[in-house]
Amino acid sequence: RAALLSDGAARLVERFGLMAWNELLDVLETEGPCELIRRTRTAERELEPPTARGKRFDDATALLVRFDDPAQARTPRA
């Protein structure tokens, strides 16, 4: 699996250090992008002082891609 993230969606790992990359991927896979962004917004409100350098709230876009295991891939039926 892989994720395409804007810098705002990566903040839980990169800026706040609240989770590791594999945990972020787990959230995306099990709970979806809306949950990741909800957690990001909560962290921004609770951890980021209004006078902090940079954007307090940043755009957040997340996309998860899952790759099938070729060993488990099914052969299409005719």
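The values are calculated or read from the model by the stated rules, or taken from the named source; none is laboratory data. No experiment lies behind these values; they were computed from the predicted model shown. Don't worry about glycine lacking a Cβ; one is built from the backbone with ideal geometry, like all the others, and counts go over all protein chains shown. Remember, those area values only see protein heavy atoms, side chains included, never the ligands or the DNA or RNA. Shrake-Rupley method; radii C 1.70, N 1.55, O 1.52, S 1.80 Å.
Overview of results
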| quantity | calculated |
| --- | --- |
| Among residues of segment 18-34, those that are open to solvent by less than 60 Å² (accessible area, probe 1.4 Å) and under 19 Å from residue 47 (Cα atoms), counted | 3 |
| All positions within segment 45-68 that are under 19 Å from residue 28 (Cα atoms) and modelled with pLDDT under 80 | 58, 59 |
| Every residue from segment 1-48 that is in contact with a Ser or Thr (Cβ under 6 Å, 6 or more places away or on another chain) and among the hydroxyl-bearing types (Ser, Thr, Tyr) | 6 |
| Selection within segment 11-30 - within 11 Å of residue 64 (Cα to Cα) and free of Cβ contacts under 8 Å to residues at least 12 places away in the same chain | 26, 30 |
| Verdict on residue 42 being modelled with pLDDT of 90 or more, surrounded by fewer than 12 Cβ atoms within 10 Å (Cβ to Cβ) and on the phi < 0 side of the Ramachandran plot | no |
